[in-house]
Every structure is written in C-alpha cells, then in structure tokens.
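To start, the structure under review is shown below, and the notes come after it.
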Amino acid sequence: MKKLLSILLMLTGAMIASAATGDDSKLMGSWNYPVGTAIADPEGVSVVLFPNSWKRSIDEGSDPAKQMMIYYDTNFVKAGEQMSTIRNFGDEYDIPNSLIIPFYKGAKAKKGDILLTWWQSGSGMQRAIVVDDKNPEEPIVHYLDLGYEGDGSGMAERHDNEQLKPNSFIVLKDGTWMPGMQIMVAEGTDQMVGTIINATDDKVLYMGFSTLHVARKVDCKLLPLKPSFSTGKEAKADFAGKYRTGYKVKKYNKKIGRVWVERDGDTKVMSIFEVVQ
C-alpha cells in the first residue's frame, strides 16, 4: 500500500511539474503554442473568457486543436505562472493562461470605442461598438458579431442598445496584438478570417470559423478598428471563414460599424471586421 501511495504521489508530482513547465503537449494539442505566461495584475481580474471544449477534450484524451471552441465568460479563481484556476458551474480546474482572456475591474469606454465583451443577454464572446457613453463603466453598445439584417429581424437588431455590466469589457486599441483584434491570415493563396486570442513575439493563436488556429505572426495582418470604406469600389468580404473577392461596397454606417456589400445582385450587411477594402 505504501509503495502504491508513493507511486501515485510521484505520478501526481510529475503531472503537476509537467503542467507548470508547459512541457505536456496534451494541454495544447497540436497547436504547438506555449501554455502561457503569468497574467498581469491578477488581483484586478474580474472575470475571464475561456474555450468551452478544452477541458472535455483533455479529459477524453483528444486533441483540443481539432475541437469546435466557443468562448464563454466564467469565474476567475487563482492565477498561476502558466496555468490559472477557473470555476465554471461549480467545476473548478486549471487551464493554460494562453487560452483565457482576463477582464479587469474599472474599465471605462467612450462613444465609438470598439470593445471585447460577451453577449450579455445571451452568451459567447462578442465585439461591440459603444453607441452611448453616459455611464462609461456601463456603456450601451451595438454587437458586431451578431447577425444584422437591416430590417430589424437580425439578432444584432433584436438585442441592440444593450447596456453592459461593469467590469465586463476590454477597450480594443488600434495596432495592438491584443485579444479581440481582427486579423487577416495568409494561408497559401487564401486569406483567412481571424480573431486574436493570444499572441507571442512570433506566433498568433486565433479563433477562425469556430476553431482555434496558430499562425506565424508574419503571416498575419492586423485590421483597423476604424476603417474607411469607399462606396462603389471593390472589397473582400468574409464567406465561410475566408476573405473572398468579388464584392462591392454599397453603404457604410460608421456609428454601428456596419457595411452593406453586394455580390451578384445579392446585398448583405456585414460588420467592419468582415469587410476589407
């Protein structure tokens, strides 16, 4: 019994050491991406976004890089050097720091700012544009990652002018490789659509078409938060996770970050993150 207990303790210690050093490739699957670095100012963290399928994938012994991932908000418990503890519906566990996005207390926004947040009357990671900043700690927003139809029937319209809770958003900054920023990723002859989750000096972990991917930083182009669009001119637009040619810009509503594009006589309303000119 003592020998068995000794072996179990040794194995547990090895597992913890492996996770702490980031040597266990199972944690990050085939992403070939660092487990993470220490979270800045952990005492100031209010909540985090996390990928819902990561733990199930690890528990099942499957590759998390092959799983569909949705980012949800959850409780932040404790910070570690490379992994931190979160609590989701009573389930408390450690997760790589590179996979979570911390939100900090005291965030303030002004009209026109682009924010990273979550759909607060629904669920899931969202970008949003501030349309009313009377209360900068609880701004009123238009969601950019919900569908917009232009006739009031879209999810973005049905949940428009929603007031965010305090400490539930990050103000995005142009030209930075921060979580929530939009990128265009060169992959062979294709230009993939991506949202940054984490970035190192030479790699980017990004969400693209509901799965997480890793790209070389040199293959990624940051898209501006406040782009200019010329009506009647050619543009590329997101279709099935790729920026594709053949579109023309018909209209741009800067206030809500929406662009009307046309292709083959069909008009669609897209967000500023889905159109490149």
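Points worth noting:
- Only one of the listed residues (191, 182) is closer than 30 Å to residue 96 by Cα, of a type outside the set (Val, Ile, Thr) and open to solvent by 30 Å² or more (accessible area, probe 1.4 Å). That residue is 191.
- Tally, over segment 230-245, of residues that are open to solvent by 40 Å² or more (accessible area, probe 1.4 Å) and either assigned to a strand (DSSP E or B) or without any contact (Cβ under 8 Å) to a residue 40 or more places away in the chain (or both): 9
- Qualifying position, being of a type outside the set (Phe, Trp, Tyr) and out of contact with any Gly (no Cβ under 9 Å at 6 or more places or on another chain), among 248, 203, 255, 226: 203
- Restricting the search to strands (runs of 3 or more DSSP E) fully inside segment 84-175 and requiring at least 3 residues that are closer than 19 Å to residue 254 by Cα gives 114-118, 125-132, 140-143.
- Summed over segment 52-83, the residues that are within 24 Å of residue 120 (Cβ to Cβ) and assigned to a helix (DSSP H, G or I) give a count of 2.
- Filtered by the rule that a residue be open to solvent by 20 Å² or more (accessible area, probe 1.4 Å), modelled with pLDDT of 95 or more and touching a Phe, Trp or Tyr at 6+ places or on another chain (Cβ under 9 Å), segment 147-179 gives 155, 157, 159, 160, 162, 167, 170.
- Contact annotation: residue pairs with Cβ atoms under 6 Å, 6 or more positions apart or on different chains, pairing a residue in segment 253-270 that is closer than 13 Å to residue 238 by Cβ with a partner that is not hydrophobic (A, V, I, L, M, F, W, C), are 259/252; 261/247; 261/268; 263/246; 263/247; 269/148; 269/150; 269/258.
- Matching residues in segment 111-136 - criterion: being under 21 Å from the mean Cα position of the chain (by Cα), over 16 Å from residue 273 (Cα atoms) and surrounded by fewer than 17 Cβ atoms within 10 Å (Cβ to Cβ): 121, 122, 123, 124
The values are calculated or read from the model by the stated rules, or taken from the named source; none is laboratory data. Being a predicted model, the structure only gives us computed values, none of them experimental. For neighbour counting, all protein chains shown are included, and Cβ atoms are generated from backbone atoms with ideal geometry for every residue, glycine included. For accessibility, only protein heavy atoms count, side chains too; no ligands or nucleic acids. Shrake-Rupley method; radii C 1.70, N 1.55, O 1.52, S 1.80 Å.
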